[in-house]
Amino acid sequence: MRQRIVRALLAALLALPAASRAQDNAQNDGNDPLTPKAALQLQDYFQPFLNERLGSGANQTNVRGVLPHDAFGVPQFARASFPAVASAWGPAGSETGIGDLTVFDVPVFVVNGVKFGVGPLVVAPTSTSVALGDRKWQIGAEGIASARHAWGLTAGLASYQQSTDGRSQSLTFQPLLFYNLDDGYYLRSSGIVSFDLARRTTVVPLGIGLGRVIPLPSGRILNFFVEPQYSVIRAGNGVPTFQLYAGFNVQFPLGGGSR
């Protein structure tokens, strides 16, 4: 049954009309993780159902800042992600606080029209509870790649991080797929595949959502989206069975003018 639903959704996606090339550019700029514009992002993960935890859930609201720069003469992207409001609840009660701060910096290169880069990643133990974060210093690496197409954009983010005491290890991969429609709308899929190597948990979500990019005369780009995600593969206590991912992003041209 699940396979028939996925095939039907893919068929419907391929049958949708693509946007014009001018609209393509705005939508691809708004969704490309390596667009050379500064950005402020507000994103929320609402997880009302957790695997093997009846009556439990979680919510995390992330504030992210993206800053392109040219340190040492090499184009780079720095991103900081801070769970400003994090909560977890269950039969034993609930906790609300902040999560762990994650920062990475990625030098960017272009080969045959594909942008990619790999750089260092650091996690600072800013969480107020072990229910909201590992509360350990972690180091690792982040990789990003993106490719633009006439119909939209494909991209991917991958990261590995490990705590300094070696007791926490995780590997994540986020494939990104955007299919552009008319009037700035687009379809999207961006579930994060996560492997917690220490706790031996796995989650593979499949998401299909809708968003809209609005370019402004100032050169700023607004981006709104909502994406339900269902975990087609889940193993381990506490991984999300279903989550609703929604967000608002605004990009700023470098130098304050249009670009």
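Brief remarks on what is shown
- Computed [θ] at 222 nm, deg cm²/dmol, the chain (DSSP H ≥ 4; -39,500 (n - 2.57); rounded to nearest 500): -3000 deg cm²/dmol
- Val118 paired with Ser94, simple spin-label distance in nm, labels 7 Å along Cα-to-beta-carbon: 4.3
- With both labels modelled 7 Å from their Cα along Cα-to-Cβ, the Glu52 to Ala71 distance reads 4.0 nm.
- The stretch 76-184, accessible surface, carbon-and-sulfur percent (1.4 angstrom probe): 64
- When the residues Tyr45, Tyr186, Tyr160 are ordered by accessible surface, computed with a 1.4 Å probe over the protein chains alone, the sequence from largest down reads Tyr160, Tyr45, Tyr186.
- Excluding ligands, DNA and RNA, the accessible surface per residue across the stretch 37-153 is 50 Å² with a 1.4 Å probe.
- Euclidean distance of C-alpha centroids, the stretch 88-139 and the stretch 179-254, integer Å: 16
The values are calculated or read from the model by the stated rules, or taken from the named source; none is laboratory data. Fair warning: this is a prediction, and the values are worked out from it, not measured in the lab. When we count neighbours, we look across all protein chains shown, and the Cβ atoms used for this are built from the backbone with ideal geometry, even at glycine. Please note that ligands, DNA and RNA were not included when accessible areas were found on the heavy atoms of the full protein model with its side chains. Shrake-Rupley method; radii C 1.70, N 1.55, O 1.52, S 1.80 Å.
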